[in-house]
1. If you build a Gaussian network model of the chain, linking Cα atoms that sit under 10 Å apart, which residue out of ASP46, ASP97, ASP131 swings the most?
2. ³J(HN,Hα) across the stretch 91-103 via Karplus (A = 6.51, B = -1.76, C = 1.60, θ = phi - 60°), whole Hz, x for Gly/Pro?
3. Tell me the mean residue ellipticity at 222 nm calculated for the chain from its helices only (DSSP H runs of n ≥ 4, each -39500 (n - 2.57), averaged over every residue, nearest 500).
4. What FRET efficiency do you get for ARG199 and GLN140 if R0 is 22 Å and r is their Cβ-Cβ distance, rounded to the nearest 0.05?
5. How charged is the neighbourhood of ALA36? Take every other residue with its Cβ under 13 Å from the Cβ of ALA36, and add Lys/Arg as +1 and Asp/Glu as -1.
6. Check each of the GluC sites (Glu not before Pro) in the stretch 61-106 and keep only those in coil by DSSP with at most 14 other C-beta atoms within 10 angstrom; list them in order.
7. I need the shape label for the stretch 79-214. Rule: rounded when a/c is under 1.5, else prolate if a/b > b/c, else oblate, with a, b, c from the alpha carbon gyration tensor.
8. Does the stretch 75-142 come out rounded, prolate or oblate, given a ≥ b ≥ c as the square roots of the eigenvalues of its C-alpha gyration tensor, rounded meaning a/c under 1.5 and, failing that, prolate meaning a/b above b/c?
Amino acid sequence: MRFLLVEDDPMIGASLRNALRQEGHAVDWVRDGRAAQSTLASERFDLLLLDLGLPQVPGLEVLRGLRAAGNTTPAIVLTARDELEQRVALLDAGADDYLVKPFELAELTARIRAVLRRAAGRAAPLLEVGDVQLDPATRQVTRSGEPVILSAREYALLEALMLRPGALLSRAQLEDRLYGWGEEVESNAVSVYVHQLRRKLGEDFIRTVRGVGYYVGTPRAGA
Ligand code: CA
């Protein structure tokens with residue numbers, strides 16, 4: 001998943017980015033409201049983590065502008081305790097959830113999973129394609145009921161594919177899911193992870209459309 005983190009506190013920002021990267025997400029980090037606005041106008045993210053107290057443009061204004069522009073990217077707002085009275089305004093402005101600092105990382109990641117699940121409109125949290133099941137809550141993957149051990153990046157790639165069964169994802173789209181800004185993209189990384197996933201999940205599980213991309217499941221009409 002590709003996240004945009006908007007946080008002006010360098011320590012909080014760095015620790016959040018590192019923790020979320022370790023979970024296998026691609027995290028881009030900007031430090032003020034104006035940078036957030038221009039980034040959101042030009043790039044697509046799966047989730048926005050938005051600090052409320054920001055230089056240049058406050059978080060609430062960033063969020064209102066985003067929703068006014070019809071952008072439905074799921075958003076979790078990070079607030080300081082003394083900003084709590086803004087809760088109602090936040091939810092009215094289109095926040096999907098909020099967390100009060102300081103918070104436990106485990107709580108943030110649980111809320112991220114819940115927000116992404118709701119955003120995908122899935123009642124059941126389990127993803128299933130063929131004999132492979134993926135549980136985003138526990139990050140466990142099984143094949144015919146047997147656990148499959150994956151690295152963080154293998155998991156991220158598999159999750160991106162299983163969230164949209166039948167949809168073709170290009171190499172560039174998958175690289176976006178694996179790497180944030182400033183992270184060097186290893187050449188052939190996607191092919192390497194696809195190869196490793198096929199070894200673990202069966203050669204036919206991930207299909208290649210040569211020169212176009214990859215998909216799992218039954219291809220959609222026109223795909
Ligand atoms: Ca702040």
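The values are calculated or read from the model by the stated rules, or taken from the named source; none is laboratory data. Nothing here was measured: the structure is a model prediction, and the numbers come from that model. FYI the Cβ positions are ideal-geometry reconstructions off the backbone, even for glycines, and counts take in every protein chain you see. Heads up: the accessible areas ignore ligands, DNA and RNA and are worked out on the full protein's heavy atoms, side chains in. Shrake-Rupley method; radii C 1.70, N 1.55, O 1.52, S 1.80 Å.
1. Looking only at ASP46, ASP97, ASP131, the biggest GNM fluctuation is shown by ASP131.
2. Residue by residue, the stretch 91-103 yields 5, 5, 7, x, 6, 8, 6, 8, 9, 9, 6, x, 10 Hz.
3. Values: 8 runs with 87 residues, N = 223.
My calculation for the chain gives -12000 deg cm²/dmol from helical runs alone.
4. Efficiency computed from Cβ-Cβ geometry: 0.75.
5. Summing Lys/Arg as +1 and Asp/Glu as -1 gives -4.
6. When the GluC sites (Glu not before Pro) of the stretch 61-106 are filtered for loop state and at most 14 Cβ neighbours within 10 Å, GLU104 remain.
7. Numbers: a/c = 2.25, a/b = 1.82, b/c = 1.24.
Prolate shape, in that a/c is at least 1.5 and a/b is the bigger ratio.
8. Cα axes put the stretch 75-142 in the oblate bin.
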